[in-house]
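The values are calculated or read from the model by the stated rules, or taken from the named source; none is laboratory data. Keep in mind that this is a model prediction, so the values were computed, not measured. As a convention, Cβ positions derive from the backbone with ideal geometry for all residues, glycine included, and neighbour counts pool all protein chains shown. The area values use the complete protein model at the heavy-atom level, side chains included, leaving out ligands, DNA and RNA. Shrake-Rupley method; radii C 1.70, N 1.55, O 1.52, S 1.80 Å.
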Amino acid sequence: VWESDSLRMQALWEHIGDAFRSEAGFLTRIGYHRAFQKVDYYYRSENAWGRFVSPGVYVDQYIDPSSGLTERIAGGNTYWEFGGRIYVFPEIEHRRELVDETWLDGMRYEVSAGVSTLRWLSVSGSALVTDTPIRDASLRPGDAPTNGRFVAQTASLTLQPTPAFDLTLSHSSSRLREFAGGPTLDQQDLWRVRAQYFVTRTVD
């Protein structure tokens with residue numbers, strides 16, 4: 001990583017071996033090399049329309065040691081912070097992935113936003129629309145690999161009446177469709193409630 005007041009450049013090389021155990025589910029694949037590069041620009045001002053703006057572009061590649069490139073992601077995003085503790089974070093990606101010897105191209109669009117203008121209340125949410133390969137052959141409309149359409153939304157509200165206590169209510173909803181506007185293959189709706197109380201003690 002190289003960083004200055006207005007620019008950051010970063011590069012990552014990662015290798016996961018074939019013998020790595022990934023049953024926990026945090027990694028969806030093993031036996032690959034990954035190459036990631038990203039450039040971000042920083043803009044700061046006292047204007048309410050843009051206290052902090054950070055556009056960035058990146059390329060992410062997954063390489064199989066025996067067969068070569070298996071996935072490439074090219075994208076861009078912008079973190080935009082307004083006066084009054086309001087932010088928005090849009091992101092767009094083009095994805096190209098090799099699935100069962102077939103290259104699938106797709107797009108991914110996501111936007112996140114949040115407001116915390118009041119000390120005791122913050123609200124945030126996100127919306128995601130992406131093309132995603134249907135890996136289970138039994139769910140495909142035909143024999144050849146194809147992209148489905150995945151749509152997800154999240155919303156969260158946090159109350160913090162005291163510095164030591166906060167209460168968060170959140171909801172997430174997702175749908176996987178055979179194609180845009182097509183039959184639903186899978187859906188999930190989830191509510192969460194979380195309460196936290198922090199106990200502090202002076203240690204001499």
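A few points about this structure:
- Within a Gaussian network of the chain (alpha carbon springs, distance under 10 Å), most fluctuating of Ala127, Ala164, Ala24: Ala24
- Between the listed residues Gly50, Pro161, Phe20, the Cα displaced farthest toward the positive end of the dipole of the chain, a dipole computed from Cβ unit charges relative to the Cα centre, is found at Pro161.
- Reported label for calculated Rg/Rh (Cα atoms, Kirkwood Rh) given (i) 0.98; (ii) 1.03; (iii) 0.95: (ii)
- Highest mobility in the GNM of the chain, judged by mean-square fluctuation with C-alpha springs under 10 Å and restricted to Ala19, Ala152, Ala11, is found for Ala19.
- Cα gyration tensor shape for the stretch 90-131, rounded if a/c is under 1.5, else prolate or oblate: prolate
- Kirkwood analysis of the Cα pair distances in the stretch 38-81 returns a hydrodynamic radius of 12.5 Å.
- D (Stokes-Einstein, µm²/s), Kirkwood Cα radius, the stretch 136-200, 1.567 mPa s at 4 °C: 88 µm²/s
- Proximity of backbone amide H atoms, modeled 1.01 Å from N, is registered between Phe179 and Arg149 at under 5 Å, excluding neighbours fewer than 5 places apart on the same chain.
- With every protein chain in place and a 1.4 angstrom probe, the accessible-area ranking of Phe165, Phe179, largest first, reads Phe179, Phe165.
- Dipole magnitude of the chain about its Cα centre (Cβ charges: Lys, Arg +1; Asp, Glu -1), debye to nearest 20: 660 debye
- Apportionment of accessible area to carbon and sulfur, the chain, percent (1.4 Å): 57 percent
- Most positive-pole-ward Cα, Ala180, Pro133, Pro90, against dipole of the chain from beta carbon charges: Pro90
- Binned Cα-Cα distances of the stretch 1-85, short to long, each 10 Å bin given as a whole percent: 15, 32, 26, 18, 8, 0
- Neighbour net charge for Ser45 - beta-carbon separation under 11 angstrom, K R +1, D E -1: 0
- Per residue, in Å², the accessible surface of the chain once ligands and nucleic acids are set aside, probe 1.4 Å: 65 Å²
- Local electrostatic count, Gly56, Cβ distance below 10 Å [Lys/Arg +1, Asp/Glu -1]: 0
- Close amide H contacts of Leu121 (hydrogens built in the peptide plane, cut-off under 5 Å, sequence separation of 5 or more or a different chain): Gln160.
- Evaluated with a Cβ-only charge set (Lys, Arg +1; Asp, Glu -1), the stretch 1-59 carries a dipole of roughly 100 debye about its Cα centre, given to the nearest 20.
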